[in-house]
Structure formats: structure tokens, C-alpha cells
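Bear in mind these aren't lab numbers, they're just calculated from the coordinates by the rules spelled out. Please read these numbers as outputs of a predicted model, since none were measured by experiment. All Cβ positions, glycine included, derive from the backbone under ideal geometry; neighbour counts span all protein chains shown.
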Amino acid sequence: MSDFVIIDGNEISFEPGETLLQAAKRAEIEIPTLCWDPRLEPAGACRMCLVEIEGSRLMQPACSYKAAANQVVRTQTSRVQRNREFILSLHLADTIQDRDVMEDNNPSRIHELAEVYGTAGDWTPVAKQRVGRPNDVNKFISFRPDRCILCSLCTRYCDQVEAVSAITLAGRGAHTTISTADERSLTDTTCELCGGCVDVCPTGAMTEKAAVEYGKPERELEKVRTTCNFCGVGCQIDLNIDTEANRIVKVTSPPPGTTVNDGNLCVKGRFANDFVHHEDRLTTPLVREPGGGLREATWDEALDRVVKGLQAASARHGKDSLAFISSSRCTGEENYLMQKLARAGFGTHNIHQCAAT
Amino acid sequence: MEKKGARREAILEILHDRGGLREGVSKEVHQETGVPEADIYGVGTFYHLLSDPDAGVRVCQGLSCKLADSDGLKARFDAEGKKSCFTACLGRCDMAPAFWDPDDEPPLVECALSPSSDAHAIDLAAADGTGYEALARATERGPDWVIDELEASGLTGRGGAGFPAHIKWRAVRNQAETERYVVLNADEGEPGTFKDREVILRRPHLVVEGLAIAAFALEAREIYVYVRGEFGRVKRELAAAIERARELGVLDDSVAWHLVDGHGAYICGEETALLEALEGRRGMPRMKPPFPVEKGFRGKPTLIQNVESIACVPAILNRGGTWFQEAGRTQPGSKLYCMSGHVVRPGVYEAPMGVTMAELLEMAGGVVGTLKAFSPGGASSGFLPADQIDVAMDFAALPKVGSMLGSAGVVVLNDTVDMVEAALNQAVFFEDESCGQCAPCRIGTQILRQMLERYLASGRDASTLEIVDDVSWGMCEASICGLGQAAALPLTSAMKHFPREFGVGTG
Ligand SMILES: Cc1cc2nc3c(=O)[nH]c(=O)nc-3n(C[C@H](O)[C@H](O)[C@H](O)COP(=O)(O)O)c2cc1C
Ligand code: SF4
Ligand code: SF4
Ligand code: SF4
Ligand code: FES
């Protein structure tokens, strides 16, 4: 016999250890969250997901409260709704109420939820006491304290998914902020610039420096799903494209749970894309002129040139004078073809892949 | 993520020994312990005695000290060129205006006490015997007898929540897990409260005996005592008493005793924040359930008890649970009440539980001036008007009038006090001491303080206070722990009882 938790009158079965949120999600009951991510230990900090539980004097966070047999849970009462409005008004007063300013780059989950659930009113903005790290010289990520809701998604991600722990909650109370040790630049810490902290941030407090500079909000960009070609893992990435200028503005990761990379990327996939529009980028093959200069050529001509050169070297110095090394950007299939080329095409076992140390 | 074997529990003590968190220190401590450098920085910046080692003399800005012109004291230090800063209640309200110099702890003056009496369970004024009869009795009759006596006594926690002690003892004892801990909460920090300090200074053997009995009854092999960082002498007295009890042969080596320093964070008095501090983390309260009796220190069953609660245990076993039960008037036991603010003899007074404010005022020599209001149980209890002096000061009657007994840190206000200023003082306290973890408390405390400042700056324009109800509702409903849940009470209670001062009605 399986156990049920009763959410808004629906009997929902659950696995031992599951939270109310997990059970509700399965039954497609919507509970809004701001500090929850399926990859992370819940923090219970934003208080957006509070629900009523029969027998409990206080409302409880669905993101961390464990489901129990025959527990009666209500997610739609006026008390629950009043709390949602309260929390959203709080966060708005503590960040930036003007949505256009807030969403200069990344979308704001607070404003999205406020649209759905409403607020308790526009409260006088809080005079903020969080400090940032204006002297952080890294080129990719900036932290904007005026947008931070201290959900700790970034620090938990860095710790629990990346296992890097480059950033931390620092200070206390109103002064609590996100920092590195001694407020150093990310590049002077263990940070791997994976950008996961940017990705999990619900407010754009952790943000892509270049995209902010570019100046077009993410919601005005078109997302094009593609496969990262920096290595063979096959991470799915979304190119965020300014269609008017036909430019990639930034790369984001698809939501966790939807693709093989589960929302994660590395520094290359997320940030190493400025080559795409770089003026020095090669867009056609080049072959060398007898005088030493380079000229544009077709693929056929260039590949012929390569084949001839390799055959000549093999004929002059023997088969094992050649060695083939494939790039770590290659997939398993490409690596297979490369060794086929070495062995069947050129008769040598000198084949290696640069990531196979 | 820290490496396996990283010595996280050691980092706060190491930071303390290094003189606090100066640049480069987190790297050194990281190399020494294996805990990530950023984590050490994050932990260090949480605790004010570590994060700002050069702040100089701490001047108390608790309400009782404010009433005694701590601003003037601070100005005097400034004039003398002595570096100083304001800090939350130092637990020296009887010596208002109090200050504390980390390099040169100021002596405690003799605190006024109720005269010794047979009716008192703790009896601060009596000599601190080293007979350890209750411990002998406990070992002779066994754990179940101890817990049954506790149950009969009706002892409820004296740290603020008033939770029945025997339920916690039994819950820990009944856990299948045999690695268990006893933790003494000596982080006394609730504004207006200084009883635990006096209990340890005057009756340290009662505390040692109570703890030894708890470890025996729960079959715990380790006892941790968490003493607030500003209580250096208190910790030394307790250490000396443990040493003495060892010499006397009443304590053997079957239980390990650890005395741990706090580092300047009121919130670490909250039991799960205290556990986080013991484990070398930022003192942010945990979500409950699970409760510490099931998953406490190191994730193991843990009994956490306040100093006064533990000190009641020997009397309960010596004189019987029923005796203790009957020692109270409206609820079980005698109780320590801390009197400060506008009273003639600030001090710690032991009285039957349920004594009235009128009686307490008499014990403390009466009000200086004319009584206007009082705060019955620390900042978290809010304010009551003078006409409530006949309410029983216990865990049941005070909530009925919108307040609570809390830690029984009673602050007395005379009619020279502006309730707006008093509410602002408490608002500043909660904002400074919020751990910052959850939004309702972190942001709510800022809103309340900033709102009161706008109210004063605007020449008392009541429209600045429009959203008090909404904000206080949410703080009370949605905060993770008792700090945020209670933080709006000083303001809302002051507004309720003194509406005119807040620009509403005619009251
Ligand atoms: C914000 C906050 C501060 C607290 N501070 C203290 C304290 O300084 N000392 C204390 O004994 N209990 C304090 N408590 C209560 C503890 O969480 C806990 O209930 C108590 O230590 C349990 O012991 P008791 O049952 O003997 O009272 C505090 C609670 C809260 C919510
Ligand atoms: S970029 Fe990655 S490694 Fe660096 S701080 Fe963010 S999450 Fe941590
Ligand atoms: S930077 Fe973003 S992810 Fe990190 S705590 Fe702030 S709001 Fe949350
Ligand atoms: S209520 Fe305040 S002190 Fe308690 S957990 Fe929340 S922020 Fe921290
Ligand atoms: S999502 Fe549950 S508290 Fe933030």
C-alpha cells in the first residue's frame, strides 16, 4: 500500500523523503518558488513557497518540508496567498521595482511571479546595505548587489554542483551579501567561471558582464538551441541572438532536467563565444602560395593539399613518420573516424586524442 | 564543498586565536583545516567579534543602557580618543550604561539579588555547595527516575520558549542512536537578560551538577557548553567548577566536557543556530523539523537546555518534583527575573513563577520616576503599559495580553521615555542581529527601522507607518525562527498601547 499526501484535496502518492513541492509538482499543482532548484539542497530562505499544513501553527516551506502520510496541505488559502503577496512586495522593495531597469539583461523571477500572484503594494524602497565587489576584474561575471535577494542559489550551486566553493554568503543581517574570500576577483579564487551562478540567479544579480554592456534584455533575444562544440559531451546550449543585428549576445543553458547537461555548462560553452563574430575568424580554408603567402581556397583544394602532403611525407620517411592527434572538441564518432583515417588510410597506429592524457 | 576530513568545527576557534578575520587569514585557516577559503571568510564575517577585530570598546545600546545614556558614554570614549562602537545588549543591564573591552574585560559589580530563601530552587545568594547529592541520587535511582521527577516538577525551559524539559530528555533518551550530546545554552543575549551570567558566577556547581545528571540520564558522552563571547569570566568560573568537581571525584572521565566561545552573534542563542556555530558554520537557524532531540549536533540526538533550566535540576531531584511544582504560583517552579531600566535596584530576583510585575517592582526597590511601560521578557516580548502590572509573569498569562515571558528580562520604562524611541531601539537591535537568512526578517527588520526613522524625521507623519500591519503580519507568519517572528512586536505593541505617540487615535 502506498502513502498519500493530500494537497488541495488531491491524494498524491510520494516516495519516502520527498518534499511537498516534489509531490505537488508531480500532480501539476503550482507552488511558486524563488530559492529552490532541483539540483540543490533546499534553503527555505525566500519563504515564497509557504503552504498551510493541518496541525501546524506556522505555514511551512513546501520546498523543504517532507511529505507524510495523510498530511493535509493547502496551497490556495487566503493566508497562503497573502504571504505570496507579502514576500513579493518585500523583495521588490529590497531590489528594483521598475521591471525595465531590473531586467536590463536577465529576466526577473520576482517580477514574473508578481504578475501572476500580485503584491501587497509598492512599498517604499529599502535603503540597501549590501556591498558588491566593484574591483573584481574578471571579464565575465559581475555581481550587482542591488538586485540580490540572497536566495543563496549561486553559493549552493557553486558548492554542491560545481564543488568549487568560490563564493559565499558573507556578512550578517541587512549586510549579508555574496562575496569571495577577502572580496577578491573571481579570477583570483578557485572559481572556474562556469557561469552556473549566473544561470541559477533568479534576478540578474549575478550576470554576464558582456551582455549587460551589449544592452539588450534577454527577453528581447531569440533563443536558438544547439550543441556546444567545444568538446564531445554534447551539452545543449541556447544561443541568445539579437536577430536585428544577427549577433550572439550570450549563451544560456537549458533548464535543469531537460537536457543531458542538466542546466550546467563549463566556461567554454558559456562564455567562449566571442570568436563567432571576431574579425580574425577564418570563414574559408586558406592554402599557402609558393611565395609563402596565404590565399582563400575551396575545401576540396585544401583537403587535396593536405592529402598530398601527408602521402609525400609517408613515402619519404615511412608510415610511422606520421602521427594523428584529434581535438578534444571531437565526439566519439569523430575520434573513431580519425583513428580509421590513421590506420586504414595511412597505415600507422600513431593516433591520439588530446583529452586522453 | 569541503574535503573529507576537513576540520570545520575548529575554524571559529582558530579565527579567534588569530585575532579575527584580517586579510589573508581565511587562506591560512583554509590551508590548516581543509575548509574552502570562501567558506571560512563567510563564517568569519558572520560573527562581529571576528569580523571587526579592531572595533575597540563595545558600548551597549540595549534599551536599559540607552535609558542610562550609553550615548553619553560613547561620546566620552570618543572624547578620550578611545576607539569604540555600539553593540547589542551585553548582558550587563544592571550596570547600565555598560561597555565591554575585548582586551580588558571590565569587572562585574555586585548585582542585586533576592535574599536567600528556602523557597528558591536556585537561590543565587546561597553558598554554592559541592555536595553533588542530586547526582549521587540520580546514579543510584537511574535515568527513568530522573526523568519522571522532571516530569513531576513541570519544569519548562527558561531560555525563552517554555518547553517542558522532560519531553526533550525522554525524546533524546528514546532515540535508537546512541551517540548523543548535551548542550548548555549559555549564550545569554536577549536584551535585558543577565540571569544566566549570575547563575554561573554564583552557583557554578549547580550548573555542572545539572549537566552531569543530564549526561547520565541520556547516556551522552560529551557535553558542550556554549558561552557568549563577552562572558570571559563566566566561562572561567565554570571551567574552574568543572575542575574542582573532578578533583572532588564527582566527575569521572566517562564524559568529555567542552567549553566553547561565542563570537558576537545574538542569534546563536537560538538553539539550532547555536548548533551551526558549534559545527563551524554561519549561525543561521535550521529549519525544523527535524528537531535537535532527533538530529542535533553533528546530526545526532541532542539535548539543548538553558543555564537556568539546568540549574533547577539538582533542587528537583533533591527536594522532589512535586516540591518544585508547588514552588510556583501560577505555573511550576521558582523563576529568576532580571530587573533593569528605571528601577531602584537593578538585579536578579527569584520569585514564584507567576509573581506580578507590581511585586517584582517592589523587590527591586520601586520605579525611578513614574511607571509608564515595561517589557516583561526581553526585546522579543514587546511592551506592556503600566496598567498591566498585576498580570501574572508566566508563560500562560502574558501571551494572553499580547506579550510573553521569554527570558524574563524585565525592562522598566518611566514616563520620560518616548515609546517611539523605545520601539526604534528594539528595531535597531533586531535588524543588527537578524542572521539575514530569510527574507521576511532580513528585509522586514530593515523596513521597520527605516520606517520609524522616517516617522521621526517627518515630524511624526503617521502616513509613514501605513504598512506596519502588513509587514509585521508577514514577519510573524513567514520568518524561519523566533527572532523574525517576534521582531515586530516591540513596535506593534507600542502602537497598540500608546497610539497617540504614533500619531493615531487619542490613547
Ligand atoms: C532569537 C532567539 C534567541 C534565543 N536566545 C537564547 C539565549 O540567549 N539563551 C537561551 O537559553 N535560549 C535562547 N533561545 C531559546 C533557545 O532556542 C532554546 O529554546 C533554549 O535554549 C532551550 O533551552 P530551555 O528549554 O532550557 O529554555 C533563543 C531563541 C530565539 C528564537
Ligand atoms: S562561475 Fe562557477 S565556479 Fe565560479 S563562482 Fe560561479 S558557480 Fe562558482
Ligand atoms: S546573486 Fe542571485 S543567486 Fe546569488 S543569492 Fe543573490 S539573487 Fe540569489
Ligand atoms: S527569522 Fe531572522 S534570525 Fe531567524 S532565520 Fe530568519 S533571518 Fe535568521
Ligand atoms: S522556495 Fe521554499 S523557501 Fe524559497
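Rounded, prolate or oblate: which fits the range A:286-356, taking a ≥ b ≥ c as square roots of the Cα gyration tensor eigenvalues, rounded meaning a/c under 1.5, else prolate when a/b beats b/c?
The shape class here is oblate.
Any chance you could give the angle, 0 to 90 degrees and rounded to 10, that helix A:299-317 forms with the longest Cα principal axis of chain A?
Its long axis makes an angle of about 60 degrees.
With each pseudo-label sitting 7 Å past Cα toward Cβ, what's the B:R221-A:E41 distance in nm, one decimal?
Between B:R221 and A:E41, the simple spin-label model gives 2.5 nm.
Describe numerically, in nm with one decimal, the distance between label points set 7 Å from Cα along Cα→Cβ at A:L286 and at B:A10.
Roughly 5.7 nm, to one decimal.
222 nm [θ] for chain B, helices only, -39500 (n - 2.57) per DSSP H run of 4+, per residue, to 500? Mind dumping the intermediate values first?
Values: 22 runs with 209 residues, N = 507.
Roughly -12000 deg cm²/dmol at 222 nm, from the helical runs in chain B.
Filter the trypsin sites (Lys or Arg not before Pro) in the range B:36-128 to those in DSSP coil with at most 16 other Cβ atoms within 10 Å of their Cβ, and list the result. Walk me through the numbers on the way to the answer.
On the way: sites: B:R58, B:K66, B:K74, B:R76, B:K82, B:K83, B:R92; in loops: B:K82, B:K83, B:R92.
The qualifying sites are B:K82, B:K83.
For chain B, calculate the relative contact order in percent as a whole number, restricting contacts to Cα pairs under 8 Å that are 6 or more residues apart.
15
For B:K4, which lysines qualify as cross-link partners when the Cα separation must be under 23 Å and same-chain residues fewer than eight apart are set aside?
Partners found: B:K27, B:K295, B:K300.
What is the range A:36-153's relative contact order, in percent, from Cα pairs under 8 angstrom and six or more apart in sequence?
26
If r is the Cβ-Cβ distance from A:I6 to A:R99 and R0 is 45 Å, what FRET efficiency results, to the nearest 0.05?
Numbers: r = 37 Å, r/R0 = 0.83.
For A:I6 and A:R99, the calculated efficiency is 0.75.
Please state the relative contact order of the range B:203-305 as a whole percent: Cα pairs under 8 Å, 6+ residues apart?
Rounded, it is 21 percent for the range B:203-305.
Separation between the B:D17 and A:T77 pseudo-spin-labels, each 7 Å from Cα along Cα→Cβ, expressed in nm?
Going from the B:D17 label point to the A:T77 one covers 5.2 nm.
What's the average, rounded to a whole number, of partner chain beta-carbon atoms within 10 Å of each residue's beta-carbon in B:470-478?
Working: counts 8, 6, 0, 5, 10, 2, 1, 9, 13.
Partner-chain Cβ atoms within 10 Å, mean over residues of B:470-478: 6.
How much FRET efficiency would the formula 1/(1 + (r/R0)^6) give for B:T139 and A:N138, where r is the Cβ-Cβ distance and R0 is 51 Å, rounded to 0.05? Mind showing how you got there, number by number?
Working: r = 62 Å, r/R0 = 1.22.
About 0.25, to the nearest 0.05.
Rounded to the nearest Å, what's the spacing between the alpha carbon centres of the range B:444-485 and the range B:285-299? Just the number, please.
After rounding, the separation between the Cα centres reads 31 Å.
Kindly state, to the nearest 0.05, the FRET efficiency for B:N174 paired with A:D262, given R0 = 45 Å and r defined as their beta-carbon distance.
It comes to 0.60.
Amide H neighbours of B:V343 under 5 Å, at least 5 residues apart or on other chains, H built in the peptide plane: list them.
Under 5 Å from the amide H of B:V343 lie the amide H atoms of B:V368, each far enough along the sequence or on another chain.
Which order do peptides B:487-493, A:321-327, B:354-360 fall in by mean Cβ count within 10 Å, highest first?
Descending packing order for the listed peptides: B:487-493, B:354-360, A:321-327.
What's the average, rounded to a whole number, of partner chain beta-carbon atoms within 10 Å of each residue's beta-carbon in B:30-41?
The per-residue average across the peptide is 5.
To the nearest 10 degrees, how steep is helix A:78-94 against the longest Cα principal axis of chain A, on a 0 to 90 scale?
Between the helix axis and the principal axis of chain A, the angle is about 60 degrees.
How large is the charge dipole for the range B:113-326, taken about the Cα centre, if only the Cβ atoms of Lys, Arg (+1) and Asp, Glu (-1) carry charge, to the nearest 20 debye?
Result for the range B:113-326 is approximately 460 debye, rounded to the nearest 20.
Measure up A:K139/B:K3; A:K268/A:K340; A:K268/B:K3; B:K195/B:K235; B:K372/B:K400 against 24 Å on the Cα-Cα distance and list the ones that go over.
Result: A:K139/B:K3; A:K268/A:K340; A:K268/B:K3 exceed 24 Å.
Would you compute, from DSSP H runs of 4+ residues alone, the mean residue ellipticity of chain A at 222 nm, taking -39500 (n - 2.57) per run and dividing by the full residue count, rounded to the nearest 500? Show your work: numbers first, answer last.
Numbers: 10 runs with 89 residues, N = 357.
Value at 222 nm, helices only, nearest 500: -7000 deg cm²/dmol.
Just check chain B against the gyration tensor rule for me: Cα atoms, a ≥ b ≥ c as the square roots of the eigenvalues, rounded for a/c under 1.5, and otherwise prolate or oblate depending on whether a/b exceeds b/c. Can you show the working numbers first?
Working: a/c = 1.57, a/b = 1.17, b/c = 1.34.
Oblate.
Select from B:A245, B:L211, B:N306 the residue farthest towards the positive end of the dipole of the range B:113-326; place +1 on Cβ of Lys and Arg, -1 on Cβ of Asp and Glu, and compute about the Cα centre.
Working it through, the farthest residue towards the positive pole turns out to be B:N306.
Name the long-range amide H neighbours of B:S479: under 5 Å, sequence gap of 5 or more, or other chain; modelled H, no Pro or chain starts.
For B:S479, whose amide H was placed from the backbone, there are no distant partners under 5 Å.
For peptide B:13-23, how many partner chain Cβ atoms fall within 10 Å of a residue's Cβ, on average?
Partner-chain Cβ atoms within 10 Å, mean over residues of B:13-23: 1.
Which length gain, in nm to one decimal place, applies between A:H278 and A:R57 when the Cα-Cα distance is subtracted from 0.36 nm times their residue separation?
Values: separation 221, 0.36 × 221 = 79.56 nm, distance 6.05 nm.
That works out to 73.5 nm of additional length.
I want to make sure I understand the PRE zone here: with the label point 7 angstrom from the Cα of B:K288 toward its beta carbon, which residues in the range A:34-76 have backbone N atoms less than 13 Å away?
Label zone hits: A:57-58.
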